[in-house]
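First the structure, in the form of structure tokens, and then the observations on it.
The values are calculated or read from the model by the stated rules, or taken from the named source; none is laboratory data. All figures in this text were calculated on a predicted structure; none of them were measured in a lab. Every residue, glycine as well, gets a Cβ built from its backbone with ideal geometry; the counts of neighbours run over all protein chains shown.
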Amino acid sequence: MYLAGMLSVMALGCSSGASHPVQRRAPQTVDTCQDTLSCCLTRNPRVPGNCGLTEAQAALYLDSLRARPARGAGAPGYPARDWQEACADTHSRCVDGMERWEGNCNACLRLCKAEREWPADVCYRR
């Protein structure tokens, strides 16, 4: 009898029978989460530094998201590989130190990847 009681207690384990609801984040919508950077800014609205941007850069980036229409796989007239190579080439010239540039080269590369063209109004040669 004692053995049967112990086995039933061991079979139940430490379960109290109480369940805890799982809290999940709401999925990001397309309007607020268009790419990795916009998703990061959506998750960290008051701390743009967590996304690698200053407050001014984050504001500029979010303004550019609101101003541009949603795009598909590639910008009109540009095959996907061309704009990626153009972004990488311009970023390389920006960071190599041979010429003086105005703007944050890394933030502009992120903008270029999002907009599929170099943000010449933000990052340019002096």
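Listed conditions (1) modelled with pLDDT of 90 or more; (2) in contact with a Gly (Cβ under 6 Å, 6 or more places away or on another chain) are all met by residue 80, apart from (1). Taking every residue in region 96-114 that is exposed (fewer than 15 other Cβ atoms within 10 Å of the Cβ) and pairing it with any residue that is in a helix (DSSP H, G or I) and among the basic types (Lys, Arg), at least 6 positions away or on another chain, yields no pair with a Cβ-Cβ distance below 6 Å. Taking the listed residues 110, 93, 116, 66, the one that is at pLDDT below 80 and either over 20 Å from residue 36 (Cβ atoms) or charged (D, E, K, R) (or both) is 66, with no other qualifying.
Restricting region 23-63 to residues that are basic (Lys, Arg) and at pLDDT 75 or above, the residue that is surrounded by the fewest Cβ atoms within 10 Å (Cβ to Cβ) is 46.
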